[in-house]
1. Can you say whether B:Leu297 is buried (at least 19 other Cβ atoms within 10 Å of the Cβ), free of Cβ contacts under 8 Å to residues at least 40 places away in the same chain and of a type in the set (A, V, I, L, M, F, W, C), as far as the supplied structure shows?
2. Working only within region A:91-109, note down all residues that are outside any strand (DSSP E or B), within 18 Å of B:Ser331 (Cβ to Cβ) and at the interface with another protein chain (Cβ under 7 Å from one of its Cβ atoms).
3. Can you tell me which residues in region A:296-320 are touching a helix residue (DSSP H, G or I) at 6+ places or on another chain (Cβ under 9 Å), outside any loop (DSSP other than H, G, I, E, B) and either surrounded by 14 or more Cβ atoms within 10 Å (Cβ to Cβ) or assigned by TED's automatic domain parsing to the domain that holds A:Leu70 (or both)?
4. Applying the selection to region B:130-149, what residues are at pLDDT below 95 and in contact with a Ser or Thr (Cβ under 8 Å, 6 or more places away or on another chain)?
5. Quick check: anything in region B:151-174 touching a Phe, Trp or Tyr at 6+ places or on another chain (Cβ under 8 Å) and outside any helix (DSSP H, G or I)?
6. When you go through A:Val225, A:Val209, A:Val278, A:Val267 one by one, which is the residue that is modelled with pLDDT under 90 and within 21 Å of A:Pro120 (Cβ to Cβ)?
7. Working carefully through the options A:Ala121, A:Ala147, A:Ala143, find the one that is without any contact (Cβ under 8 Å) to a residue 60 or more places away in the chain and either of a type in the set (D, E, K, R) or buried (at least 23 other Cβ atoms within 10 Å of the Cβ) (or both).
8. How many residues does region A:269-295 contain that are charged (D, E, K, R) and surrounded by 18 or more Cβ atoms within 10 Å (Cβ to Cβ)?
Amino acid sequence: MSATKLPTSMGGARLPAGEAPATHTPRPPSPPGPELAIASSGLTKRFRGGQLAVDHVDLAVPRGSVYGFLGPNGSGKTTTIRMLLGLAFPTSGSAQVLGVDMPAGAVRVLSRVGSLVEGPAFYPYLSGWDNLARYDAADGSVAARTAKARIGTALDRVGLTAAAKKKFRNYSLGMKQRLAIAAALLTPRDLIVLDEPTNGLDPQGTREVRALVRQIAADGITVFVSSHLLAEIEQVSTHVGVMRTGKLVFQGELAALRRTAAPRIAVRTPDPTAAAEVLRKLGLPDPAIGDEAVTAELGDVQPESVTAELVKAGVRVRGLTVESASLEDLFVGLTGEGFDVER
Amino acid sequence: MSNANNLETPRPAPPQPPTPVSPPAPVSPPPSAPVSTSASTSAPTTTSPNQEISPVGRHFTMRFLRNELRITFFRRRNQLLLLVVALFPLLIGIGLKAAAPHGGGGGSGPGSGSAAFFNQLAGNGVFLTFIALSLLLILVLPVVVAILAGDSIAGEAGYGTLRYLLTVPAGRTRLLLVKYATIVAWCVAAVFIVSVTALVVGSILFPVGPVTLLSGTTVSLADGLVRVLWVTLYICAAMAAIGAIGLAISTFTEHAIGAIAAVMILVVASEVIDNIPQFATVAPYLPTHWWNSFDSLLRTPIDTTTMWHGLLSFLVYAALFVSIAWARFTSSDVTS
């Protein structure tokens with residue numbers, strides 16, 4: 001049984017799972033091959049109108065990571081993803097997916113890549129089952145005789161077994177999204193690309209997608225997930241890349257991004273000048289003196305030693321807090337405040 | 001779809017058409033590869049099971065085609081279209097039966113166009129086939145073909161399913177081939193439905209027997225039916241050429257309706273120009289010019305020259321527009 005199973009809360013209409021067909025065998029956690037699941041260098045896309053949608057992006061997505069691809073709407077995320085998936089041709093630069101050049105190697109490599117790009121897209125006049133059968137039949141790398149097992153497993157995984165015969169046009173928004181995820185997981189994958197997977201979902205749906213991402217990652221599959229909301233993916237990502245007006249302005253481990261948010265200490269005191277002197281003696285740079293308060297970057301200094309020194313110096317302390325800039329603040333700092341204002 | 005490639009920099013080569021043998025990837029044996037241990041122990045293996053099965057073989061293309069055919073012919077809209085096509089011979093048959101002069105005037109000598117067929121009909125129900133085909137050829141059959149062909153790529157783009165088919169990956173060339181094969185199958189189905197229903201209706205409403213041809217000679221019923229078959233196949237070829245034009249136009253837009261309308265405008269324009277004597281010099285190069293040339297099959301001896309001209313014209317149009325579709329589809333961005 002695959003570990004990639006949605007929590008039961010997602011499958012409102014789930015039937016008893018029964019025995020999962022052996023189409024989705026457990027896999028070793030870290031597949032051999034290139035260290036980077038996605039690598040690009042100087043990837044650039046200029047639209048016909050002259051607009052630079054993606055500007056020299058050098059992506060490095062390590063194998064086995066959950067890579068959060070962040071940026072406001074219109075920052076070039078989807079265009080980048082379209083180039084990675086061979087849907088759009090780069091103006092210049094190159095990209096490799098699972099070590100294979102794109103878009104030249106698209107047919108060769110994409111059967112190992114599951115994707116959800118800009119929302120679900122299915123044939124409204126076909127049932128959920130027939131829709132998956134359609135995509136399955138289009139895949140030249142899989143055999144027909146195992147199709148039923150594949151489709152059944154995929155539908156079961158997202159809790160759509162009961163709605164399999166229903167026409168897609170009668171699906172709810174959440175069901176459509178789940179069917180798209182089922183399609184992305186039809187065959188065993190090495191990489192899953194999810195473009196705004198939580199768009200249009202309610203908070204519960206968002207949580208379910210997060211749980212799913214965690215489970216996919218637990219199988220050792222690299223996940224590349226884009227979002228314009230940091231909060232949606234910061235809990236699941238190991239790595240992040242931040243886009244701003246077509247440029248990759250940050251890339252690295254999430255922890256590294258967190259470290260750039262240096263914590264500050266804030267002392268509430270009626271003697272701000274004396275407090276600032278103490279902080280300066282402790283080696284905190286440039287304490288900012290405010291109205292009955294002093295703040296400074298904490299650095300390596302322990303907050304408790306600050307307390308002790310303040311008391312020793314006879315500074316009257318009313319309150320002392322350590323404040324970390326939230327990732328959200330950092331994100332906004334990287335990408336700018338408004339959406340689309342710079343375009 | 002819109003082609004958003006920059007003109008300043010060279011465009012990357014279009015994706016290679018799928019070939020039965022794909023070269024081994026330089027890197028990356030896939031994860032689920034217990035086989036690789038036996039393949040090589042010292043050096044990292046350069047082949048992978050995924051690459052062994054991923055080449056798009058004929059077998060798997062047939063599976064894709066079967067699925068496409070099933071979706072096409074089971075789609076309610078398409079079934080209704082074929083039903084409407086089948087109703088026309090019935091209506092024409094009933095109308096002509098009601099208007100037919102009593103006593104019949106079979107074998108009234110050579111004629112041209114469907115007018116000649118009308119004279120023959122009262123004498124032989126087989127002629128309802130030729131009447132129905134030549135009448136439906138003007139507008140109904142091209143519409144039915146244009147709907148499917150114009151929808152083929154543009155419809156997928158409109159639904160957004162095109163991006164998912166390509167990331168499955170279906171392969172651009174392979175998808176195009178499957179689409180065109182389905183269009184051809186659709187043309188054959190539509191034309192044969194006209195022929196068969198016309199034959200059935202004709203044999204019910206009118207006498208059936210040895211067939212008197214337009215040249216005045218009489219051939220056996222079996223010979224007549226063989227000629228019906230040839231005429232039907234000839235029109236299938238004509239429709240397949242229009243289907244190729246529709247496929248090509250379909251790769252330039254994500255609005256199926258626009259592609260369908262464009263094909264129809266093209267057909268009607270071609271028919272109009274074909275009927276203006278001043279354009280006689282370009283007439284033979286029009287896509288619709290040879291459509292009615294099948295009437296030489298209804299004379300003895302059969303004058304095959306015009307038919308070969310017609311078939312050559314259809315072949316050139318099909319090849320040209322499938323090539324245009326391929327060039328466009330394998331080099332443009334999918335933005336839907």
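The values are calculated or read from the model by the stated rules, or taken from the named source; none is laboratory data. These numbers come from a predicted model, not from an experiment. Heads up, the Cβs are rebuilt from the backbone with ideal geometry, glycines too, and the neighbour counts pull from every protein chain shown.
1. Details: buried (at least 19 other Cβ atoms within 10 Å of the Cβ): yes; free of Cβ contacts under 8 Å to residues at least 40 places away in the same chain: no; of a type in the set (A, V, I, L, M, F, W, C): yes.
So B:Leu297 does not fit the description; no.
2. Listed by number, the residues that qualify are A:Thr91, A:Pro103, A:Ala104, A:Ala106, A:Val107.
3. Across region A:296-320, the qualifying residues are A:Ala296, A:Val306, A:Glu309, A:Leu310, A:Leu320.
4. Scanning region B:130-149 gives B:Phe130, B:Ile131, B:Ala132, B:Leu133, B:Ser134, B:Leu135.
5. Yes, because at least one residue in region B:151-174 is touching a Phe, Trp or Tyr at 6+ places or on another chain (Cβ under 8 Å) and outside any helix (DSSP H, G or I).
6. A:Val209
7. A:Ala121
8. Of the residues in that region, 1 qualify.
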